[in-house]
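Structure, as structure tokens:
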Amino acid sequence: MSRPARFRGVFPVVPTIFDPSGALDLDGQRRAVDFMIDAGSDGLCILANFSEQFALSDAERSQLAGCILDHVAGRVPVIVTTTHFSTRICAERSREAQAMGASMVMVMPPYHGATIRLPEAGIERFFHAVSDAIRIPVMIQDAPVSGTSLSAPLLARMAREIEQVSYFKIEVPMAAAKLRELIALGGDAVEGPWDGEEAITLMADLDAGATGAMTGAGFPDGIRAILDAHAAGDREDAAAAYARWLPLINHENRQCGAQAAKILMQEGGIIRCEAPRAPVVPVHPDTRAGLIEIARRLDPLVLRWAK
């Protein structure tokens, strides 16, 4: 029997907001979350790579998760990234996220540095243990940053055999082809085949069967226009919306990366400080100016919400 998808649509990654000294700015964090919900996000993802999770202490991770989940207060579902190389620590993080009210956890396969990886059997044991620790879905993040090849047959097998593994964020080259293969092999066990990588391949991925998109946080309203039209069966409107927003998507993906959302949020007065946490270096002023120029042509809510 087919299992209906519990979660679909636009789930942008929430950036972590810092003050000029590099400390957490929780007031700015709450404003960023409020904007993202008002901009049409179907849900949110926190503590991901685009949240600069790698620059946070364990205490800060817990503080941010508690702050954001308390502030969201059930308005939209929240996915918490709990990735860690250690099976035990990943399971503990996942249990903590569930206890705080997370609707799902997102996890990358275990990796460390440039060379330490696991074989398929080890990856399967890892996700079995994480699944056994919780009662909410697990999204496997299939991204180049892990340096781990996750074949479609492996992902489909884990969807069929591991209880909570049911969502997949595919953000590797030729993602659409992989999504098609995953859906064909996994069938109903693949509850959520999702697009990633800031929606740079969104139209092809939707055509391949993606039902969700995990994007940057700066313009959920623009991404929502694409997904809503496609879900309604109006591919022409979806393609037109994709063509309209693609220059901004491209500039984020190829030029600004995780800093794009915070640049737009500061420009729009939502947050006071767009700075990444050191040692990350701010983008070049000309790159920043290019992002704002493209965004102003589109009139996204991020530039108007706080005014």
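The values are calculated or read from the model by the stated rules, or taken from the named source; none is laboratory data. Given the structure is predicted, the values throughout are model-derived calculations rather than measurements. Note that each Cβ is placed from the backbone with ideal geometry, even for glycine, and that neighbours are counted across all protein chains shown.
Can you tell me which residue is surrounded by the fewest Cβ atoms within 10 Å (Cβ to Cβ) among those in region 1-25 that are among the hydrophobic types (A, V, I, L, M, F, W, C), over 30 Å from residue 186 (Cβ atoms) and in contact with a strand residue (DSSP E or B) (Cβ under 7 Å, 6 or more places away or on another chain)? Write out each step before concluding.
Just the residues of region 1-25 that are among the hydrophobic types (A, V, I, L, M, F, W, C), to begin with: 1, 5, 7, 10-11, 13-14, 17-18, 23-24.
Checking the rest, the ones that are also over 30 Å from residue 186 (Cβ atoms) come to 17-18, 23-24.
If we keep only those that are in contact with a strand residue (DSSP E or B) (Cβ under 7 Å, 6 or more places away or on another chain) too, we end up with 18, 24.
Working: 18: 22, 24: 17.
Among them, the one singled out is 24.
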Problem set entry | Residues (of a type outside the set (A, V, I, L, M, F, W, C), surrounded by fewer than 21 Cβ atoms within 10 Å (Cβ to Cβ) and farther than 18 Å from residue 132 by Cα) located in region 149-170 | 149, 151, 153
Exercise. Using beta carbons and a limit of 6 Å, which pairs, at least six apart or on different chains, have the first residue in region 85-111 and on the phi > 0 side of the Ramachandran plot and the second one modelled with pLDDT of 95 or more?
Worked result: 101/69
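If you scan region 5-41, which residues turn out to be assigned to a loop (DSSP other than H, G, I, E, B), free of Cβ contacts under 8 Å to residues at least 60 places away in the same chain and either touching a helix residue (DSSP H, G or I) at 6+ places or on another chain (Cβ under 9 Å) or not hydrophobic (A, V, I, L, M, F, W, C) (or both)? Even if it seems obvious, please write down each step before you answer.
Within region 5-41, the subset assigned to a loop (DSSP other than H, G, I, E, B) is 5-8, 11-12, 14-17, 19-23, 25, 39-41.
Going one step further and asking which of them are free of Cβ contacts under 8 Å to residues at least 60 places away in the same chain, we end up with 21, 23.
Answer for region 5-41, where residues must be assigned to a loop (DSSP other than H, G, I, E, B), free of Cβ contacts under 8 Å to residues at least 60 places away in the same chain and either touching a helix residue (DSSP H, G or I) at 6+ places or on another chain (Cβ under 9 Å) or not hydrophobic (A, V, I, L, M, F, W, C) (or both): just 21.
Would it be correct to say that residue 72 is farther than 25 Å from residue 109 by Cβ and free of Cβ contacts under 8 Å to residues at least 60 places away in the same chain? Full working, then the answer.
Details: farther than 25 Å from residue 109 by Cβ: yes; free of Cβ contacts under 8 Å to residues at least 60 places away in the same chain: yes.
Here the answer is yes, as residue 72 does meet what is asked.
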For this session: State whether one or more residues within region 163-182 are in contact with a Lys or Arg (Cβ under 6 Å, 6 or more places away or on another chain), within 27 Å of residue 305 (Cβ to Cβ) and touching a residue at least 12 places away in the same chain (Cβ under 8 Å).
Result: no
Exercise. Taking region 67-95, which residues are assigned to a loop (DSSP other than H, G, I, E, B) and over 21 Å from residue 11 (Cα atoms)?
Worked result: 84, 85, 86
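Within region 240-291, track down each residue that is of a type in the set (Lys, Arg), outside any loop (DSSP other than H, G, I, E, B) and either out of contact with any helix residue (DSSP H, G or I) (no Cβ under 9 Å at 6 or more places or on another chain) or farther than 17 Å from residue 226 by Cβ (or both). Working first, answer last.
The first filter runs over region 240-291 and keeps only residues of a type in the set (Lys, Arg), leaving 244, 254, 262, 272, 277, 288.
Add one more test, that the residue is outside any loop (DSSP other than H, G, I, E, B), and what stays is 244, 254, 262, 288.
Within region 240-291, 254, 262, 288 meet the criteria.
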Problem set entry | Cross-chain or 6+ apart pairs with Cβ under 6 Å, region 257-276 first and without any contact (Cβ under 8 Å) to a residue 24 or more places away in the chain, then part of a loop (DSSP other than H, G, I, E, B) | 266/274
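Return yes or no: is residue 229 out of contact with any Phe, Trp or Tyr (no Cβ under 8 Å at 6 or more places or on another chain) and surrounded by fewer than 17 Cβ atoms within 10 Å (Cβ to Cβ)? If you could, list the steps in order and put the result at the bottom.
Numbers: out of contact with any Phe, Trp or Tyr (no Cβ under 8 Å at 6 or more places or on another chain): yes; surrounded by fewer than 17 Cβ atoms within 10 Å (Cβ to Cβ): no.
Considered against the rule, which asks whether it is out of contact with any Phe, Trp or Tyr (no Cβ under 8 Å at 6 or more places or on another chain) and surrounded by fewer than 17 Cβ atoms within 10 Å (Cβ to Cβ), residue 229 comes out as no.
Yes or no: region 49-66 includes at least one residue that is in a helix (DSSP H, G or I), among the polar types (S, T, N, Q), surrounded by fewer than 16 Cβ atoms within 10 Å (Cβ to Cβ) and more than 19 Å from the chain's Cα centre (by Cα). Spell out how you get there, then give the answer.
Initial filter on region 49-66 (in a helix (DSSP H, G or I)): 49-51, 53-55, 58-66.
Filter once more, keeping what is among the polar types (S, T, N, Q): 49, 51, 53, 62-63.
With surrounded by fewer than 16 Cβ atoms within 10 Å (Cβ to Cβ) added as a condition, the list becomes 63.
From the residues that got through so far, the ones that are more than 19 Å from the chain's Cα centre (by Cα) too are 63.
Looking through region 49-66, at least one residue is in a helix (DSSP H, G or I), among the polar types (S, T, N, Q), surrounded by fewer than 16 Cβ atoms within 10 Å (Cβ to Cβ) and more than 19 Å from the chain's Cα centre (by Cα).
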Problem set entry | Test: residue in region 108-117 that is crowded, with 17+ Cβ neighbours inside 10 Å and within 21 Å of residue 212 (Cα to Cα) | yes
Exercise. Just wondering, is there one or more residues in region 26-42 that are more than 18 Å from residue 274 (Cβ to Cβ), touching a Pro at 6+ places or on another chain (Cβ under 8 Å) and either small (Gly, Ala, Ser) or surrounded by 23 or more Cβ atoms within 10 Å (Cβ to Cβ) (or both)?
Worked result: yes
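Just a yes or no: is a residue in region 180-196 in contact with a helix residue (DSSP H, G or I) (Cβ under 6 Å, 6 or more places away or on another chain) and within 24 Å of residue 287 (Cβ to Cβ)? Step through it out loud before you land on a result.
Of the residues in region 180-196, the ones in contact with a helix residue (DSSP H, G or I) (Cβ under 6 Å, 6 or more places away or on another chain) are 181-182, 185-186, 189-190, 193, 195.
Keeping just the survivors that are within 24 Å of residue 287 (Cβ to Cβ) gives none.
For region 180-196, residues in contact with a helix residue (DSSP H, G or I) (Cβ under 6 Å, 6 or more places away or on another chain) and within 24 Å of residue 287 (Cβ to Cβ): absent.
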Exercise. Pick from 249, 292: which is surrounded by 19 or more Cβ atoms within 10 Å (Cβ to Cβ) and in contact (Cβ under 8 Å) with a residue 12 or more places away in the chain?
Worked result: 249
